[in-house]
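*Asks:* Below is a structure I'd like to ask you about.
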Amino acid sequence: MTQTSVQTTHYVPADLPTSIRHFIGGEFVDSVGGETFDVLDPVSNQTYATAAAGQQADIDLAVAAAKEAFSSGPWPRLLPRARARVLHRIADAVEAQDARLAELETFDTGLPITQALGQAQRAAENFRFFADLIVAQADDTYKVPGKQINYVNRKPVGVAGLITPWNTPFMLESWKLAPALASGCTVVLKPAEFTPLSASLWSEIFRTAGVPDGVFNLVNGIGEEAGDALVKHPDVPLISFTGETTTGQTIYRNCAANLKGMSMELGGKSPAVVFADADLDAAIDSTLFGVFSLNGERCTASSRILVERSIYDDFCARYAARAASIVVGDPHDPKTEVGALVHPEHYAKVMSYVEIGKTEGRLLAGGGRPDGLPEGNYVSPTVFADVAPTARIFQEEIFGPVVAITPFDTDAEALALANGVKYGLAAYIWTTDLTRAHNFAQSVDAGMVWLNSHNVRDLRTPFGGVKASGLGHEGGYRSIDFYTDSQAVHITL
Ligand code: NAD
């Protein structure tokens, strides 16, 4: 089947910066040694800007600024209500930039513009949520009558190191920045080197909202340079990291020397399990969304679909026809449903899995570059059926628009297949039998489970994975717990 594609004139947002700088101690600065790296856009794969490439010296300056703001500045000492007011001003400013943020994010990441719109609203919501949470925060007090009072004195930990990936970068940065700042920490953010553009908006937003100098610091750069220096810095007591599992393992090792607090949101290979009694229309819609929205560059992507054998052939045929009709093309075209993958290196990785898949499964849709799009990092939504659980495309995270479909005969087999990978981030279960749904949910190795639904969640719920998908949870009070120490104070009466 030929993939539907649109090719429009490549849209370049107005007023694009040609250089992207660090923000340290309230000032925009270049790297001390002048190092830079090139930033490409994923449609032309041409350099549109150079970004300052942070080194040890730049991280030292950023951490020193954050440490000074923490030890002597007002931020950690403000009443929660006062910090919350600043956070709400940040949310207002972020919301007001939705259209601008979407065009920058789409240009830098290749996400379809219709999916990038709304990212600012999500980011703003994170700030509002944590602003409200700290105002309502209560801590425990225990009384031993006639003997003791014990209470919890919650304190911000200090300088938080925040390291983020390139998928939905601005929104994911907000997911760390909001609770860290709400808790009274000061921060050094190291955004992903593939997509530094939208992160550069934070500096002005924070300054205008009244965040004191030194509280928010941004150091751009390569993971093995700037990221590594941040992880190893002795004055940074905790690291919140979102990214690949292998990077998480390196960071885990490097945090050991200083016994740092760590939050790790890592990779996934999440199953969608479709039983024969499911609402098939809804399951097909959802599983298409699950792996083809956000270009398949989604940590919770349902990249393995397990289908009960009695509906398997019907499911595969309908699914493949829908995948082939997905519109691939210029990310800025509102008709586009799958845009360009973030970077040529990532494109090459995803394409290599497409070729591996051709030897491991039955190709039903896609399988390469769509016709009519000779340039840019475009991959047709690709569907493989009859994929064995030993296959690499079943086991390994591809992080692109590629899905593996596998049949099962019994509930026990479905569970074994679902759990038969090293990851455990999310699982999606489609059945109208609620007893089966709950039993399956409680047995599946996944930090998050959606029953007959996908990806909508209340911000109070825990977000995170098990097994190789992560360590610790973000979300609600769990984030505040991460960025604060709970000191126990005991008073003898
Ligand atoms: P990545 O691990 O390559 O990079 C993530 C960040 O880590 C970047 O800022 C990078 O510069 C930095 N980094 C790389 N090496 C480092 C090192 N040695 N020390 C310190 N920092 C280092 O990940 P990516 O390719 O940017 O993102 C995609 C991955 O992120 C996928 O595996 C995806 O599943 C995962 N992800 C997980 C979640 C989640 O919540 N579980 C959310 C989004 C993305």
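*Asks:* For the stretch 243-262, how many residues meet the condition of being within 10 Å of the ligand (Cβ to nearest atom) and in contact with a Phe, Trp or Tyr (Cβ under 8 Å, 6 or more places away or on another chain)?
*Replies:* Residues in the stretch 243-262 being within 10 Å of the ligand (Cβ to nearest atom) and in contact with a Phe, Trp or Tyr (Cβ under 8 Å, 6 or more places away or on another chain): 4 in total.
*Asks:* Next question. Go through (1) within 15 Å of the ligand (Cβ to nearest atom); (2) surrounded by fewer than 23 Cβ atoms within 10 Å (Cβ to Cβ); (3) in a helix (DSSP H, G or I) for Phe289 and report which single condition fails.
*Replies:* The single condition Phe289 does not satisfy is (1).
For every residue, the table says whether it meets (1) more than 13 Å from the ligand (Cβ to nearest atom); (2) surrounded by 16 or more Cβ atoms within 10 Å (Cβ to Cβ); (3) over 17 Å from Tyr151 (Cβ atoms); (4) modelled with pLDDT of 95 or more.
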site: His454; (1), (2), (3), (4): yes, yes, yes, no
site: Phe463; (1), (2), (3), (4): no, yes, yes, yes
site: Ala468; (1), (2), (3), (4): no, yes, yes, yes
site: His473; (1), (2), (3), (4): no, yes, yes, no
site: Gly476; (1), (2), (3), (4): yes, yes, yes, no
site: Ser479; (1), (2), (3), (4): no, yes, yes, yes
site: Phe482; (1), (2), (3), (4): yes, yes, yes, yes
site: Ser486; (1), (2), (3), (4): yes, no, no, yes
site: His490; (1), (2), (3), (4): yes, no, no, yes
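*Asks:* State whether the residues of the stretch 153-168 include one that is in contact (Cβ under 8 Å) with a residue 60 or more places away in the chain, hydroxyl-bearing (Ser, Thr, Tyr) and buried (at least 24 other Cβ atoms within 10 Å of the Cβ).
*Replies:* Yes, there is a match, as at least one residue in the stretch 153-168 is in contact (Cβ under 8 Å) with a residue 60 or more places away in the chain, hydroxyl-bearing (Ser, Thr, Tyr) and buried (at least 24 other Cβ atoms within 10 Å of the Cβ).
*Asks:* Considering (1) within 22 Å of Gly472 (Cα to Cα); (2) within 16 Å of the ligand (Cβ to nearest atom), say which one Ala226 fails and leave the rest.
*Replies:* Single failed check for Ala226: (1).
*Asks:* Residues that are over 24 Å from the mean Cα position of the chain (by Cα) and of a type in the set (Gly, Ala, Ser): does the stretch 164-181 have at least one? Write out each step before concluding.
*Replies:* First, the residues of the stretch 164-181 that are over 24 Å from the mean Cα position of the chain (by Cα): none.
No.
*Asks:* May I pose another question? For the stretch 228-257, name all the residues that are within 16 Å of Lys190 (Cα to Cα), outside any strand (DSSP E or B), among the β-branched types (Val, Ile, Thr) and in contact (Cβ under 8 Å) with a residue 40 or more places away in the chain.
*Replies:* Those that are within 16 Å of Lys190 (Cα to Cα), outside any strand (DSSP E or B), among the β-branched types (Val, Ile, Thr) and in contact (Cβ under 8 Å) with a residue 40 or more places away in the chain: Val231, Val236, Ile251.
*Asks:* So, one more: Criterion first (farther than 22 Å from Phe289 by Cα and buried (at least 18 other Cβ atoms within 10 Å of the Cβ)) does Ala391 satisfy it?
*Replies:* yes
The values are calculated or read from the model by the stated rules, or taken from the named source; none is laboratory data. Only a predicted model underlies this, so the values are computations on that prediction, with no experimental measurement involved. Neighbour counts run over all protein chains shown; Cβ positions are idealised from the backbone, glycine included.
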